[in-house]
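Asker: One structure coming up, written as structure tokens, with questions to follow.
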Amino acid sequence: MEHARIVVAGASGLIGRALVRSLRADGHEVVRLVRREPGAADEIRWDPRGGRVDLPECDAVVNLAGAGVGNRPWTRAYKEEIRASRVLGTLALARAIAALEPRPRVFVNGSAVGYYGDTGQRAVDEDAPAGEGFLPSVCVEWEAAAAPAQEAGVRTAFVRTGLVVARGGGAWGRLFPLFKAGLGTRFGDGGQYWSYVSLHDEVAAIRHLLDRDDLSGPFNVTAPEPLTNREITAAMGRVLHRPAVLAVPAPVLRTVLGDMAGEVLGSTRVLPMRLLESGFVFAFPGIEDTIRAALD
């Protein structure tokens, strides 16, 4: 995609900021959707809950908007915020895309490996069905909300993202300071699988989906070899020279985190088969290189 105009929702988040920098560095025009009063020429206000968005003519739309899953305890109200911020925002964008003339070439919409739920020791790819529980149900609704764009003939791809390894936010943004302080720990028995991806590869995968006219549907964006929490904890200790000797027992996590503990203790062993089959090459396929990249 050359010199395109790309609209990005969720541009202020960890992935959104990195994506906007990458696109602009290559000469693309980026329009950012914001929920506040616009403060710059490249911003347009939208109301995802109210379903109001005035999309400009554009070549592509990327939707990364949504309340942070790990930002607050999962009260009933916050679980509703997690769901509504994704489903209603996606629906608003999909309807606006369908109403545009000419329509964008592609709609890349966020999703997550939470779609699969707890897979235990079983590895899954994009052909696996949705799991059971809160996050799988959110992901199913999130992806279904893009239907108006798909029905209008717009190529639509879903980015089922794993745990993004970065210092600037997300789960790893909280882990790095703990390990540097010598307080690194595994969760529960550490045998649960974590499907991770470097921020660099996350952005590269989104751009891959933007550029390739033959790619649509769900894509797992995770490193090729998911590892257990125990293996990742050990790798963090090696790279940061802070061996992790602590462990937080599962009952303590359930007491402290409530419903969210299931996501920390659950095992999600996800493989990026469709991405690999499309020819995508991970710059950081291994955990130690991924951690080092986040520290650069």
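The values are calculated or read from the model by the stated rules, or taken from the named source; none is laboratory data. What you see is a predicted model, and the numbers here were worked out from it, not measured in a lab. Note: ideal-geometry Cβ built from the backbone for every residue, glycine included; neighbour counts use all protein chains shown. Surface accessibility is based on the protein's heavy atoms, side chains included, excluding ligands, DNA and RNA. Shrake-Rupley method; radii C 1.70, N 1.55, O 1.52, S 1.80 Å.
Asker: Within region 43-63, track down each residue that is of a type in the set (Asp, Glu), in contact with a strand residue (DSSP E or B) (Cβ under 6 Å, 6 or more places away or on another chain) and open to solvent by 40 Å² or more (accessible area, probe 1.4 Å). Before the answer, list the steps.
Answerer: Of region 43-63, the ones of a type in the set (Asp, Glu) are 43, 47, 54, 57, 59.
If we keep only those that are in contact with a strand residue (DSSP E or B) (Cβ under 6 Å, 6 or more places away or on another chain) too, we end up with 43, 59.
59, the sole residue that qualifies.
Asker: Okay, next question. Just one of 191, 182, 237 is open to solvent by less than 40 Å² (accessible area, probe 1.4 Å), in a loop (DSSP other than H, G, I, E, B), over 18 Å from residue 64 (Cα atoms) and at pLDDT 75 or above; which is it? Break it down into steps so the answer makes sense when it comes.
Answerer: On the way: 182 fails: at pLDDT 75 or above; 237 fails: in a loop (DSSP other than H, G, I, E, B).
Checking each option against the conditions leaves just 191.
Asker: Then there's this: Tell me which residues, restricted to region 258-286, are farther than 15 Å from residue 186 by Cβ and at pLDDT below 80. Break it down stepwise before answering.
Answerer: Filtering region 258-286 down to residues farther than 15 Å from residue 186 by Cβ leaves 258-260, 262-263, 268-286.
258, 259, 260, 262, 263 - these are the residues of region 258-286 that are farther than 15 Å from residue 186 by Cβ and at pLDDT below 80.
Asker: Sticking with this one: Which number in (1) in a helix (DSSP H, G or I); (2) modelled with pLDDT under 95; (3) open to solvent by 20 Å² or more (accessible area, probe 1.4 Å) marks the one condition that residue 22 misses?
Answerer: Failing condition for residue 22: (2).
Asker: Right, another one. Only one of these conditions is not met by residue 208: (1) part of a helix (DSSP H, G or I); (2) open to solvent by 20 Å² or more (accessible area, probe 1.4 Å); (3) farther than 30 Å from residue 5 by Cα. Which number is it?
Answerer: Unmet for residue 208, out of (1) part of a helix (DSSP H, G or I); (2) open to solvent by 20 Å² or more (accessible area, probe 1.4 Å); (3) farther than 30 Å from residue 5 by Cα: (3).
Asker: Still on this model: Please list, ordered by first then second residue, the pairs with beta carbon atoms under 9 Å, 6 or more apart or interchain, first in region 197-217 and over 22 Å from residue 285 (Cα atoms), second of a type in the set (Asp, Glu).
Answerer: Partner pairs satisfying both residue conditions: 217/126.
Asker: Among (1) open to solvent by less than 50 Å² (accessible area, probe 1.4 Å); (2) at pLDDT 95 or above, where does residue 88 come up short?
Answerer: Against the list (1) open to solvent by less than 50 Å² (accessible area, probe 1.4 Å); (2) at pLDDT 95 or above, residue 88 comes up short only on (1).
Asker: Quick one: which residue in 66, 27 is on the phi > 0 side of the Ramachandran plot and either modelled with pLDDT of 95 or more or open to solvent by less than 10 Å² (accessible area, probe 1.4 Å) (or both)?
Answerer: Working: 66 fails: either modelled with pLDDT of 95 or more or open to solvent by less than 10 Å² (accessible area, probe 1.4 Å) (or both).
None of the other options fit; the residue is 27.
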